[in-house]
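Let me begin by presenting the structure, written as structure tokens, before commenting on it.
Every number here is computed from the coordinates shown, using simple stated rules; none is lab data. Keep in mind the model is a prediction, meaning the values are calculated, not measured. Note that each Cβ is placed from the backbone with ideal geometry, even for glycine, and that neighbours are counted across all protein chains shown.
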Amino acid sequence: MDSKNQKWIYLGILALVWGSSFILMKKALIGLTPIQLGALRILIAAIFLLLIGHKSIKEIQRKHWRYIAYTAILGTFIPVFLFAYAVSGIDSSIASILNSLTPFNTLIFGASFFGFTFKKQQLIGILIGLIGTIILILKGADLNPNQNYWFSILIIVASIGYAFNVNIVKKHLHDISALSIVAGNFLLLIIPALLVLSMTDFFTTFQMNQTSINSLGYITILAIVGTGLAKVLYNKMVHLATPIFASSVTYLIPIVAVFWGILDGEKLSFIQLFAAVIILIGVYLVNKKK
């Protein structure tokens, strides 16, 4: 299969997997705190990835480790906790739509710090997407006044981290395998995640009951499939395509996430759906060749 077809298959699989991750976070938070969710997600994913990918770490040369550390912090460690707290404050479907800012940030920071080209048409797309995002947040605050839409800022910050991550992988880690990058990421994150989890008194206060068992089940699926396997697949796609194309998966994620959210009783107004369409138009302009 050629790389052109392969990247589209990766895009579809990642949209399905990451689109389902928001509802998994929401369900896991019933029995876990946001910080416990984030730490456990990293630890479980780390154990899984090091079991299947420990040999690939040998590919990582000394010159790579600095960038492996950057991508570990910006692309995994910080966003994992930010998303956990965000989903505890706003609907999972809204969080997924806000995550669609990632391609915009990828373009902006790619042009500013990594030397990627920037076109007028793409700037227009960025501005259109931002308008859609503002409408989405403001209308969401009216529709769900009991939710704290300041949590939206956490998603925006996380999307900036993702933007730096994809640009770093493309520019500085293109010569090692996707599995090597992810295995290296999680090797560095095991001890910090373990320290964070121990600070929550998880090991002394966690009680095994049906709610906690369900939460552990959700977080295990999220960690292995939504974090471990998905990140390997994502880095493979970054190697095959441009950073903008790879980050565009965040525009397909809401389709899956909104579906799960509606099944779980979350509310979306016509105006919010219209705002989502505006964001998608922005994406189209950002990715359009001519």
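Choose one of Y251, V232, L285: the residue whose Cα lies farthest towards the positive end of the charge dipole of the range 178-290 (beta-carbon charges +1 Lys, Arg; -1 Asp, Glu; about the Cα centre).
Among Y251, V232, L285, the one farthest towards the positive end of the dipole of the range 178-290 is L285.
Could you give log10 I(q)/I(0) at q = 0.09, 0.10, 0.15, 0.16 Å⁻¹ for the chain, computed by the Debye formula over C-alpha point scatterers of equal weight, without solvent?
-0.41, -0.51, -1.16, -1.31
Any idea what the relative contact order of the range 3-287 is, in percent, if you count C-alpha pairs under 8 Å spaced at least 6 apart?
Result for the range 3-287 is 43 percent.
Quick one: net charge of P34's neighbours, Cβ under 14 Å, K/R +1, D/E -1?
Residues near P34 contribute +3 overall.
Would you mind checking K170/K236; K63/K171; K7/K63; K7/K58; K119/K231 for any pair whose Cα atoms are more than 20 angstrom apart? It would help to have the intermediate numbers written out before the result.
Working: K170/K236 10 Å; K63/K171 13 Å; K7/K63 28 Å; K7/K58 26 Å; K119/K231 29 Å.
Those over the limit are K7/K63; K7/K58; K119/K231.
Once you charge only the Cβ atoms, +1 for Lys and Arg and -1 for Asp and Glu, what is the size of the charge dipole of the chain about its Cα centre, to the nearest 20 debye? Write out the running numbers ahead of the final one.
Numbers: 21 positive and 8 negative charges, 215 e Å.
Computed about the Cα centre, the dipole is about 1040 debye.
For the chain, what does -39500 (n - 2.57) per DSSP helix run (n ≥ 4), summed and divided by total residues, give at 222 nm, in deg cm²/dmol to the nearest 500?
Working: 15 runs with 218 residues, N = 290.
After summing the helix terms and dividing by the residues of the chain, the value is -24500 deg cm²/dmol.
Taking θ as phi - 60°, what are the ³J(HN,Hα) couplings along the range 150-158 by the Karplus curve (6.51, -1.76, 1.60), each to the nearest whole Hz, with x for Gly and Pro?
5, 5, 4, 4, 4, 5, 4, 4, 4
Once phi is turned into ³J(HN,Hα) by the Karplus curve 6.51 cos²θ - 1.76 cosθ + 1.60 with θ = phi - 60°, what whole-Hz value does each residue of the range 59-72 show in order, with x for glycine and proline?
5, 6, 8, 4, 5, 7, 4, 4, 6, 4, 5, 4, 5, 5
Kindly identify the range 183-290 as rounded, prolate or oblate by the Cα gyration tensor criterion: order the square roots of the eigenvalues as a ≥ b ≥ c, call it rounded if a/c is under 1.5, otherwise compare a/b with b/c, prolate if a/b is larger, else oblate. Walk me through the intermediate numbers first.
Details: a/c = 2.95, a/b = 1.43, b/c = 2.06.
Oblate is the answer for the range 183-290, as a/c is 1.5 or above yet b/c matches or exceeds a/b.
State whether the range 9-143 is rounded, prolate or oblate according to the following rule on the C-alpha gyration tensor (a ≥ b ≥ c being the square roots of its eigenvalues): a/c under 1.5 gives rounded; otherwise a/b larger than b/c gives prolate, and the remaining case gives oblate.
Oblate, because a/c is 1.5 or more while a/b does not exceed b/c.
Take the alpha carbon atoms of the range 1-78, find their center, do the same for the range 194-256, and report the distance between the two centers in whole angstrom.
If you average the Cα positions of each part, the centres end up 6 Å apart.
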